[in-house]
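Here's the structure we're looking at; comments come further down.
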Amino acid sequence: MTVRVCRTVDDAFSGLRSIALCLVVLLATVPARASVDVFDPPAQAPREAATRAEAAPTIDGRLDEPLWQRIVPITGFVQREPNQGEEGSFRTEVRIAYDADALYVAARCEQPRDTVRVQNLRRDFDVGQNDSIAIAIDGFLDQRNAVVFQVTPKGNQRDLEVLDATTVNVDWNVRWRARTTIDDDGWQAEIAIPWRNLRYRPGTTEFGLLMTRTIRHRNEVLSYPPVPRAVGTYRMTYAARLTGLSMPETGRNLALNPYLLYRRDDQKGVPGDDDAEVGGELKWAISPGTVLDLTVNTDFAQAEVDRQVVNLDRFSVFFPERRQFFLENANLFNTGITSWILPFFSRRIGLDDGGQPIPITGGLRLTSRSPRHEFAGLAMHQEEFGGSPAATFAVGRYALNLGQQSRLGGMVTYRRDASLGGGAGRSANTNATVTLDGTWRPSQTVGVRGMISHSDDERLGGGWGGQFFAFYEDSFIYVGLLEYYNRDYEPGIGLEILDANYMMHSPAVYFDLRPDWLPDAIRSLDPGFEAYIFQSSDTGDLLFGYAPIQLLGVNFRNGGELRAVVEPNAQRLDAPFFPAEIEIAPGDYDYVRYRLSGATDPSARLSLSGSVEAGDYFDGDLTAWNLSARYAPTPKF
């Protein structure tokens with residue numbers, strides 16, 4: 001059976017080997033520049049002292065107060081990109097102070113006024129399109145996790161949580177202040193971060209500190225302390241120590257978000273109808289590392305709506321969580337490697353499969369973090385609504401940190417659905433999952449992550465799901481292997497994007513080439529390929545597969561790019577497939593698609609991007625054009 005399957009896969013991707021061989025030959029002829037080391041963190045982290053402020057500075061973006069004048073600035077920012085370790089093109093100075101209420105940061109970023117680039121005034125801006133400076137804080141000194149505060153020369157704010165330097169929660173939002181000014185020699189920023197929005201160990205006097213700056217017109221990224229280009233931007237093992245702090249003891253740190261809805265309907269000749277609802281959320285920081293969220297009669301009307309998508313492939317579309325109640329420390333509930341298999345996904349609570357809201361009676365959410373371990377728990381109840389039954393949810397998650405960069409964790413989820421329609425419809429059902437997961441990173445360039453999960457569903461029976469990911473990356477090459485397994489896996493509060501029993505094998509190789517003969521307009525070349533081969537976990541037969549091969553990948557010095565991709569496909573349909581409501585009959589389909597895409601400098605006032613994809617598609621052909629243009633003469637327009 002195995003031999004037959006391998007031959008089928010080999011036939012479907014017979015062109016992959018020859019194209020990969022061409023890439024290897026090409027790489028052998030490319031004289032690379034001197035290698036850039038992925039250096040280890042220093043044995044002793046740099047130490048920078050914070051200054052206690054006798055009075056809080058005025059947050060106005062002007063650094064003319066005596067407090068800032070008497071503080072020796074933090075300098076020494078060096079390039080991560082493009083030339084690792086070299087001095088930045090322009091000087092950067094950062095001063096840090098604090099008082100009983102907040103941590104204060106003052107930054108002076110030198111550069112000519114006419115080179116400052118900010119695309120718009122949107123919160124949670126795109127870092128790659130704007131000048132910015134960022135402050136990453138590791139409050140627990142575990143060298144794993146951080147909260148990040150970023151600001152542009154026009155005062156745009158962006159905040160995010162980082163877990164293990166790789167998983168980023170961009171939807172996390174807290175209240176903090178930032179003001180900026182621009183002059184002929186550069187721009188200045190003042191930031192105030194209230195202590196209540198930071199998580200740290202009681203009694204600590206130090207934070208981990210890592211700062212980055214983007215000089216967008218040069219497409220240059222600086223950092224302090226130095227961080228290798230090949231590793232994550234916020235790899236906190238490289239962070240400095242911010243010393244001399246005296247944080248306040250935890251007080252009554254409460255945040256209440258109530259709401260009241262009232263509606264009255266009056267019709268001529270009919271008695272009036274009144275309807276009122278009261279509810280809201282309460283956030284209580286029990287300690288700097290422990291947060292309790294309570295919700296009653298929850299209303300998520302303020303959450304962003306999902307974007308509309310035309311789906312032409314065989315996977316379900318993944319929509320991220322946007323509801324604020326579920327966002328803080330959301331990464332603590334994450335045991336998955338990608339969004340394809342998730343034992344827990346908070347959108348399964350209070351939303352049906354179409355994304356429509358289901359009334360939530362109430363619930364609680366507790367998260368706790370320390371340098372040694374992490375805990376997360378959740379319990380909620382939703383009402384019967386439409387075709388969705390009343391349901392009770394419970395989740396428990398624990399993770400133990402091992403060494404500097406490894407961890408071992410587990411999770412249990414429970415879901416109880418009541419009978420629908422008082423027993424006249426669907427009967428009651430119980431679903432539970434047990435999950436073990438781990439991360440092992442023996443060095444800065446090598447990492448392994450794994451997860452195995454068992455589901456037990458009263459109606460559907462038991463099943464298994466798993467993921468495995470191993471990688472090596474440095475400044476020249478990335479090599480990765482991703483494996484999935486699904487056999488009757490049904491996580492009641494989780495997500496399984498592909499509704500089939502399958503094994504998926506996904507090797508990938510990409511290069512970062514910067515030979516001396518490249519013209520000044522081109523920064524690097526990144527050819528490579530990846531493959532996604534799906535086999536039945538029941539029989540081993542090929543289900544389908546595809547392999548995007550990037551023959552040409554050009555990254556321009558100004559941030560523009562050009563890509564040329566060839567993608568062989570092998571599709572095996574045992575049942576009809578209905579993309580965009582068009583029926584495709586069962587059968588074997590082997591075809592190749594071609595894609596060309598490109599973009600100009602995304603930070604320029606006028607930017608263009610586009611792509612064209614063509615080729616066969618199952619029993620027909622499909623050509624897709626995507627063209628867009630943006631004109632931003634000022635951040636306000």
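Name the one entry in Arg397, Arg415 that is in a strand (DSSP E or B), touching a residue at least 12 places away in the same chain (Cβ under 8 Å) and open to solvent by less than 20 Å² (accessible area, probe 1.4 Å).
One residue alone meets the criteria, Arg397.
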Among Arg80, Arg122, which is the only one that is in a loop (DSSP other than H, G, I, E, B) and either open to solvent by less than 30 Å² (accessible area, probe 1.4 Å) or closer than 30 Å to Asn253 by Cα (or both)? Arg122
Suppose the filter is surrounded by 21 or more Cβ atoms within 10 Å (Cβ to Cβ) and within 20 Å of Tyr224 (Cβ to Cβ); does Ala106 pass it? yes
Tell me, yes or no, whether the range 484-500 has at least one residue that is open to solvent by 30 Å² or more (accessible area, probe 1.4 Å), in contact with an Asp or Glu (Cβ under 6 Å, 6 or more places away or on another chain) and either in a loop (DSSP other than H, G, I, E, B) or not charged (D, E, K, R) (or both). yes
Scanning the range 440-468 for residues that are open to solvent by 70 Å² or more (accessible area, probe 1.4 Å), of a type in the set (D, E, K, R) and not in a strand (DSSP E or B) gives Glu458, Arg459
In the range 469-483, which residue that is touching a residue at least 60 places away in the same chain (Cβ under 8 Å) and not in a loop (DSSP other than H, G, I, E, B) is surrounded by the most Cβ atoms within 10 Å (Cβ to Cβ)? Leu482
In the range 526-536, what count of residues is obtained for those that are in a strand (DSSP E or B) and buried (at least 19 other Cβ atoms within 10 Å of the Cβ)? 5
Take the range 620-637 and flag every residue that is of a type in the set (D, E, K, R) and surrounded by 12 or more Cβ atoms within 10 Å (Cβ to Cβ). Arg630
Is there any pair linking a residue in the range 625-637 that is farther than 10 Å from Arg605 by Cα and at pLDDT 90 or above to one that is part of a strand (DSSP E or B) and open to solvent by 60 Å² or more (accessible area, probe 1.4 Å), with Cβ under 7 Å and at least six apart or on different chains, and which? Ala629/Leu608
Only one of (1) over 30 Å from the mean Cα position of the chain (by Cα); (2) open to solvent by less than 40 Å² (accessible area, probe 1.4 Å) is not met by Lys268, so which one is it? (2)
Check on Val291, open to solvent by 60 Å² or more (accessible area, probe 1.4 Å), in contact with a strand residue (DSSP E or B) (Cβ under 8 Å, 6 or more places away or on another chain) and modelled with pLDDT of 75 or more: no
Within the range 194-205, can one find any residue that is open to solvent by less than 10 Å² (accessible area, probe 1.4 Å), at pLDDT 95 or above and of a type outside the set (Val, Ile, Thr)? no
Across (1) surrounded by fewer than 16 Cβ atoms within 10 Å (Cβ to Cβ); (2) farther than 30 Å from Leu366 by Cβ; (3) touching a residue at least 40 places away in the same chain (Cβ under 8 Å), Tyr259 clears everything bar (2)
Out of the residues in the range 352-376 that are among the small types (Gly, Ala, Ser) and part of a loop (DSSP other than H, G, I, E, B), state the one that is surrounded by the most Cβ atoms within 10 Å (Cβ to Cβ). Ser370
If I ask for residues that are open to solvent by less than 60 Å² (accessible area, probe 1.4 Å) and without any contact (Cβ under 8 Å) to a residue 40 or more places away in the chain, which ones from the range 42-74 would you list? Glu65, Leu67, Trp68, Ile71, Pro73
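The values are calculated or read from the model by the stated rules, or taken from the named source; none is laboratory data. Nothing here was measured: the structure is a model prediction, and the numbers come from that model. Virtual Cβ from ideal backbone geometry, glycine too; neighbours counted across all protein chains shown. To get the accessible areas, we keep the full protein, side chains included, count just its heavy atoms, and leave off ligands, DNA and RNA. Shrake-Rupley method; radii C 1.70, N 1.55, O 1.52, S 1.80 Å.
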